[in-house]
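Note sheet for the following structure.
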Amino acid sequence: MKTKFIAAALTAASLMGLGGCASMGDRQTVGTVGGAVVGGLVGSAIGGTGATILGAGAGALAGNQLTKPGHALNR
């Protein structure tokens, strides 16, 4: 339970920090990095090293695709 709380707190802090980067101009880079951070934290909470790496990769891919120019979330 304590690990999940710490992971949730780190995720919230990471998202707040990345929110400040959103005005930097390159939304796709911010989305990719943010997705990797969140995916890595979720993977770490679920399993070991392999789950962390897989989660970070999946999160980076999702963040990259969701912030592509022309995507519904990027209008």
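Across the range 1-45, the qualifying residues are those that are at pLDDT below 80 and hydroxyl-bearing (Ser, Thr, Tyr), and the one among them that is farthest from Leu61 (Cα to Cα) is Thr3. Within the range 50-62, residues that are in a helix (DSSP H, G or I) reach partners that are among the hydroxyl-bearing types (Ser, Thr, Tyr) with beta carbons closer than 6 Å, at six or more positions or on different chains, in the pairs Thr52/Ser44; Ala60/Thr32.
The values are calculated or read from the model by the stated rules, or taken from the named source; none is laboratory data. Because the structure is a prediction, the values reported are computed rather than measured. As a convention, Cβ positions derive from the backbone with ideal geometry for all residues, glycine included, and neighbour counts pool all protein chains shown.
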